[in-house]
Amino acid sequence: MKVANGYEYIAILEGIAPKKYAMEGDPIGLQIGDLARKVRKIIFTLDVLENVVDEAIEKGVDMIIAHHPLLFRPLKKIDFGTPQGRIVKKLIKHDIIVYAAHTNLDIANGGVNDAISDLLGLGDTEIIVPTYTETYSKIAVYTPDFAEEQIRLALVNNGAGRFSDRYSECTFSVEGTGRFLPHDGANPTIGKPGDLETVQEVKIEAIFPHSEMDRIVKAVKLSHPYEVPVIDIYPIENVTSQMGLGRIGNLPKTMDLKAFIGFVKEKLSIENVRVIGDTNRTVRKVGIIGGDGNKFIHDVKRAGADVYITGDIYYHTGHDLMAIDLPTIDAGHYIEKVMKASLLKQFDEASQVYGYEVDFIVSERNTNPFTFY
């Protein structure tokens, strides 16, 4: 088992919710701390409030991974007499790293909106608002046959061979004969300088997101037995994938809106919601945008939703929703708390693959500012 540092855990997070997915201007990433330090305990939280920081201190946490950034706006000064200043002081004093994944986690496959969709049992989900288009390339690696599996693992463990969230580890191998003549100064794994060498080799191919090329090529080179491995990269014109905000999908069966409201409260573990629209309507296709979904009501309507689940609906937006006849359940911003258990599960699976010695915990502190009477 290995005690990993902060960078290694951020690599896991980047695999789940890459920074490139984030909306422009979103202050994601490192907020406080030193990612080079060793990390033995990580806590997942929706918000970094003082009660969460106190919890992290009590539980001996080394790193906080949050959805909402602590430092959402630039600080002009750090005044320890202010609530935010006290938080910063405690975090620095106890050497706790704070890292935020916000809109990138909203958009990512397996992120906030997918977690909500999964809890509601939605099928055939699609994105609502496209925000990012990923282009793809193909990598071909030539390796001696005895190293085929280690090269395959270097590819698939670093993002190659995956397309959407439905297929992974997609590779193709073909056997052939490789020939090479090492010269003076070479240090070949097989053969010796001056002798033409013939080797049974395997060509392994896989597609990958082009933005991940440097990471994948580096992983292959580190795993390859040859001094100078042969790696080909080809652009692929006919494969792209889109990422975006929100999800829309179908319930297993049609429900009336009144029953669906109770279903949502049960599945998302919430006590109260605000509802816009006729509760006698039947619903099947559900649109979801976690957090503040005011700007996207027309996108959700165009996508064909029977009902919209979001949070923070404004009074006049409520009138607009009535006008476009889109029943809406305002379940509050706090439903995004589902990201805590979702990230814990994904991090636990990844850390077991890498053999990291670490404890993952979910914050038990309530950071919802609203109390309903």
(request) Let me have the 222 nm mean residue ellipticity of the chain computed from DSSP H runs of 4+ only, each contributing -39500 (n - 2.57), with the sum over all residues rounded to the nearest 500. (result) -8500 deg cm²/dmol
(request) With a 1.4 Å probe and every protein chain kept in, tell me what percent of the accessible surface of the chain is carbon plus sulfur. (result) 51
(request) May I ask for the distance between the Cα centers of the stretch 79-112 and the stretch 245-279, given as a whole number of Å? (result) 31
(message) Under the √(5λ) rule applied to the eigenvalues of the Cα gyration tensor, what semi-axes describe the equivalent ellipsoid of the stretch 276-373? Give them in Å, descending.
(response) 34, 17, 11
(request) Please work out the FRET efficiency for the pair Asp214 and Tyr373, using the Cβ-Cβ distance as r and a Förster radius of 41 Å; give the result to the nearest 0.05. (result) 0.15
(request) Towards the positive end of the charge dipole of the chain, with charges on Cβ (+1 Lys, Arg; -1 Asp, Glu), say which of Leu344, Leu75, Thr240 has the farthest Cα. (result) Leu75
(message) Give me the dipole magnitude in Debye, nearest 20, for the stretch 139-224 about the Cα centre, with unit charges on the beta carbon: positive for Lys and Arg, negative for Asp and Glu.
(response) 240
(request) Calculate the dipole size of the chain relative to its Cα centre from +1 charges on Lys and Arg beta carbons and -1 charges on Asp and Glu beta carbons; express the result in debye to the nearest 20. (result) 940
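Normalising by the residue count of the stretch 291-373, find the relative contact order in percent from Cα pairs under 8 Å and 6+ residues apart.
This gives 25 percent for the stretch 291-373.
If you roll a 1.4 Å probe over the heavy atoms of the protein chains, what accessible area per residue do you get for the stretch 1-115, in Å²?
I get 44 Å² per residue for this part.
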(message) Less than 13 Å Cβ to Cβ from Ile297, Lys/Arg counted +1 and Asp/Glu -1: what total charge do the surrounding residues give?
(response) -3
(request) For each pair in Lys38/Lys89; Lys19/Lys253; Lys265/Lys340; Lys2/Lys138; Lys41/Lys90, compute the distance between the two Cα atoms and list the pairs where it is over 27 Å. (result) Lys19/Lys253; Lys2/Lys138
(message) Charges on Cβ only, +1 for Lys and Arg, -1 for Asp and Glu, centred on the Cα centroid of the chain; of Pro209, Gly6, Pro327, which one is farthest towards the dipole's positive end?
(response) Pro327
(message) How long are the semi-axes of the equivalent ellipsoid of the stretch 220-264, taking √(5λ) for every eigenvalue λ of the Cα gyration tensor, in whole Å from largest down?
(response) 50, 16, 9
(request) Evaluate the relative contact order of the stretch 243-320 (contact order divided by residue number), counting alpha-carbon pairs under 8 angstrom at least 6 apart; express in whole percent. (result) 33
(message) If packing is taken as the average number of other Cβ atoms within 10 Å across a peptide's residues, how do 98-107, 12-21 rank, most packed first?
(response) 98-107, 12-21
(message) Relative contact order for the stretch 46-100: what percent, with Cα pairs under 8 Å and sequence separation of 6 or more?
(response) 46
(message) For a test of the definition: using alpha carbon positions, the gyration tensor, and the 1.5 limit on a/c, classify the chain as rounded, prolate or oblate.
(response) oblate
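The values are calculated or read from the model by the stated rules, or taken from the named source; none is laboratory data. This one's a predicted model, so the numbers in the text were calculated from it and none came from an experiment. Note that each Cβ is placed from the backbone with ideal geometry, even for glycine, and that neighbours are counted across all protein chains shown. Protein only, heavy atoms only, side chains kept; ligands, DNA and RNA dropped before computing areas. Shrake-Rupley method; radii C 1.70, N 1.55, O 1.52, S 1.80 Å.
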